[in-house]
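One structure is given below, encoded as structure tokens.
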Amino acid sequence: MIRPKALLLDFGGVIVETVKRPSWAAELAAEVHVLLGRTGFDGLTAEEIESDIRAGARADKYWKDSTSRQFAPEEMTHRGFWADFVATDWPERARTLVTVEATPLCKRMGELRSDRKLRTGVEELLAACWEHGVIPGVVSNSLSGAVHREYLTAAGLSHQMAVQVYSDEVGIRKPNPEMIWIACRSLGVDPADVWYVGDNYDRDVICGVRARAAATVLMVSASTDKIPYVVRQSPQATVEDPRALLRLLEKTWM
């Protein structure tokens, strides 16, 4: 494996570990209920809203699995998620309101849905990259990239990322290789000089191979084995965590 000029990292599963919050849908439904109530609309209970939010999230999961069979999938828009997956059968007034507020609602959903914790060794990995002339960046599918940006800022790591590419912001999603190519163009590097690191076969490994990255590295996470279909592409290396990734990089610095 060659010494890379840039190291592009997935967010969830690589930079952070995520744990779903069981109460997220109820909390979000309560906030949507208040939002609708401010306009005088009382045609939906909080329980009905929660049921539709959960149904929308499930439909979105199935949709994501299907798009990873495409070569160059586009991302679901915030408006599309709320109008078509959540509020499909709501009265027009309520459906219109959540569609107008779709972007802040997606951000709130991202904040409430999971607790996040930096994976052990991430800070050490990023510092070592800069010390050895390897430019780190983020390339990640996301419901709301703003949530990820704010997390990295709060963790004191946003300045360590030379570029952040999130699917909801650029309108496409992995395994579309353009996700990696956008980051490469931003950094002025060729994909053949980049390592891409992700935790899923059907999104990340396929994306790295399609983008012709110098190396595609699979980092094991809680979701790695949740593969919706057989993937023929293989990573050049598999690592357990950021510290193991750093050890792999160090071999190219000798």
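The values are calculated or read from the model by the stated rules, or taken from the named source; none is laboratory data. Treat the numbers as computed from the prediction; the structure is a model and nothing was measured. No Cβ is skipped: glycine too gets one built from the backbone with ideal geometry, and neighbour counts run over all protein chains shown.
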In segment 238-254, the residues that are within 21 Å of the chain's Cα centre (by Cα) and either assigned to a strand (DSSP E or B) or of a type in the set (S, T, N, Q) (or both): Thr238, Val239
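For segment 126-135, does any single residue satisfy the condition of being outside any helix (DSSP H, G or I) and farther than 30 Å from His159 by Cβ?
No, there is no match, as no residue in segment 126-135 is outside any helix (DSSP H, G or I) and farther than 30 Å from His159 by Cβ.
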Boolean, Arg232 is out of contact with any His (no Cβ under 8 Å at 6 or more places or on another chain), over 21 Å from Leu248 (Cβ atoms) and surrounded by fewer than 21 Cβ atoms within 10 Å (Cβ to Cβ): yes
Any chance Asp84 is over 22 Å from Arg113 (Cα atoms) and charged (D, E, K, R): no
Residue among Ser221, Ser144, Ser158 that alone is in contact with a helix residue (DSSP H, G or I) (Cβ under 7 Å, 6 or more places away or on another chain), surrounded by 18 or more Cβ atoms within 10 Å (Cβ to Cβ) and among the polar types (S, T, N, Q): Ser144
Some residue of segment 195-204 being closer than 21 Å to Gly12 by Cβ and in a loop (DSSP other than H, G, I, E, B): yes
Residues that are of a type in the set (S, T, N, Q) and not in a helix (DSSP H, G or I), drawn from segment 43-93: Thr45, Ser68, Gln70, Thr77, Thr88
Some residue of segment 67-76 being under 23 Å from the mean Cα position of the chain (by Cα), over 25 Å from Asp202 (Cα atoms), at pLDDT 95 or above and not acidic (Asp, Glu): no
Whichever residue in segment 167-199 is surrounded by 24 or more Cβ atoms within 10 Å (Cβ to Cβ) and among the β-branched types (Val, Ile, Thr) and, among such residues, is farthest from His148 (Cα to Cα): Val194
Unique residue being in a helix (DSSP H, G or I), out of contact with any Gly (no Cβ under 8 Å at 6 or more places or on another chain) and surrounded by 14 or more Cβ atoms within 10 Å (Cβ to Cβ) when the list is Val34, Val98: Val98
Segment 208-250, subset touching a residue at least 40 places away in the same chain (Cβ under 8 Å) and among the charged types (D, E, K, R), residue nearest to Met179 (Cα to Cα): Arg210
Close pairs from segment 24-48: first under 16 Å from Glu92 (Cβ atoms), partner exposed (fewer than 11 other Cβ atoms within 10 Å of the Cβ), Cβ under 9 Å, at least 6 apart: Leu36/Asp42; Leu36/Gly43
Test: residue in segment 40-59 that is surrounded by 21 or more Cβ atoms within 10 Å (Cβ to Cβ), closer than 30 Å to Val230 by Cα and among the aliphatic types (A, V, I, L, M): yes
